[in-house]
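The values are calculated or read from the model by the stated rules, or taken from the named source; none is laboratory data. What you see is a predicted model, and the numbers here were worked out from it, not measured in a lab. Here the Cβ positions follow ideal geometry from the backbone for every residue, glycine too, while neighbour counts run over all protein chains shown.
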Amino acid sequence: MTGPRVAVVTGAARGIGAATVAGLARAGWAVVAVDRCADDPDVPYPLAEPAQLDALADTFPLVRTVRADVRDEAALHAAVETAEHEFGGLDAAVAAAAVMLGGGPVWEQTDTQWRTLLDVDVMGVAHLARAAVPALLRRPQPRTGRFVALASAAAHRGLWGLGAYCAAKHAVVGLVRGLACDLRDTGVNAVAVSPGSTRTDMLRATADLYELPEVDKLAEQQLTGRPLEPEEVAAVVAWACSADSFAVTGSVLHADGGFTA
């Protein structure tokens, strides 16, 4: 294979997604960065803005941007087609797009909250898999394709007021494990990365949900003693995209600062 390795990253405009795009680009990857870049009436906090996505392309010559909602499977197929047309193929897909909703016990969380979480956090991953995995498999053998999905420490520990979010992220882990089995002997891996409290806009929204003035309170159970920085989680995601991650297919990489230790 000639040319750079190529990735598609969703949820790319800010937070862990943006840090992943930047980390891959600095390592010489070509990246198609995908983000909705618009607020959602069913999500009670601001989402990323177009300027944040555009800044990635302005900074890194091998980054292309696509404004798309992960609930739109056709748009993700188009993003993958952009990767193949612009850069000649696809070597990694990173499903980082997600929202966080909650604020009360499971029996009070609404159908709208459940539907939004399942459509974005779970079906968004499935849509990327449908679009990206065939492209990963179009690479000739021997392949080192990688499908990486952002789960959460919430997939592994119950959190008050976030039962639906915990369920959605647990589903992401199950999806990745099943996908890894489907990819057996292809050279393409599937891995989940479960971050802990990370200094992002979503963590600020979580602190607001708990009526906490400082996000650092959310990291008190982490062995790090502080929230992680997006770049610290993105480094794990970037490693999972690399050829070196062959042995961890079907696994969860706990980039959670020791929260689940």
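Taking residues in segment 147-172 that are within 23 Å of Thr110 (Cβ to Cβ), and partners anywhere that are of a type in the set (Phe, Trp, Tyr), the pairs with Cβ atoms closer than 7 Å and at least 6 places apart or on different chains are Ala154/Tyr165; Ala164/Trp114. Filter segment 173-201 for residues that are in a helix (DSSP H, G or I) and charged (D, E, K, R); which is surrounded by the most Cβ atoms within 10 Å (Cβ to Cβ)? Among those residues, the one meeting the criterion is Arg177.
The number of residues in segment 57-89 that are polar (S, T, N, Q) and under 20 Å from the mean Cα position of the chain (by Cα) comes to 2. If you go through segment 129-157 and keep only what is surrounded by fewer than 19 Cβ atoms within 10 Å (Cβ to Cβ) and within 30 Å of Leu228 (Cα to Cα), you end up with His156, Arg157. Is it the case that Ala247 is surrounded by fewer than 17 Cβ atoms within 10 Å (Cβ to Cβ), modelled with pLDDT of 95 or more, within 14 Å of the chain's Cα centre (by Cα) and assigned to a helix (DSSP H, G or I)? The answer is no for Ala247.
Residues in segment 223-233 that are within 19 Å of Arg157 (Cα to Cα) and buried (at least 20 other Cβ atoms within 10 Å of the Cβ) were compared, and the one that is nearest to the chain's Cα centre (by Cα) is Val233.
Screening segment 1-94 for strands (runs of 3 or more DSSP E) wholly inside it with 2 or more residues that are under 18 Å from Leu136 (Cα atoms) returns the ranges 6-10, 30-35.
Within segment 241-261, the set of residues being without any contact (Cβ under 8 Å) to a residue 12 or more places away in the chain and either in contact with a strand residue (DSSP E or B) (Cβ under 8 Å, 6 or more places away or on another chain) or among the charged types (D, E, K, R) (or both) comprises just one member, Asp244.
For Ala97, the stated conditions do not hold, so it cannot be described as buried (at least 17 other Cβ atoms within 10 Å of the Cβ), without any contact (Cβ under 8 Å) to a residue 60 or more places away in the chain and of a type in the set (Gly, Ala, Ser).
Just to verify a result, which residue in segment 22-39, among those that are buried (at least 16 other Cβ atoms within 10 Å of the Cβ) and not hydrophobic (A, V, I, L, M, F, W, C), is farthest from Leu117 (Cα to Cα)?
The selected residue is Gly23.
Scanning segment 202-225 turns up no residue that is over 10 Å from Ala255 (Cα atoms), assigned to a loop (DSSP other than H, G, I, E, B), of a type outside the set (A, V, I, L, M, F, W, C) and touching a helix residue (DSSP H, G or I) at 6+ places or on another chain (Cβ under 6 Å). Listed by first and then second residue, the pairs with beta-carbon distance under 7 Å, at least 6 apart or on different chains, first residue in segment 188-200 and within 16 Å of Arg157 (Cα to Cα) and free of Cβ contacts under 8 Å to residues at least 24 places away in the same chain, second among the basic types (Lys, Arg) and surrounded by fewer than 24 Cβ atoms within 10 Å (Cβ to Cβ), form an empty list.
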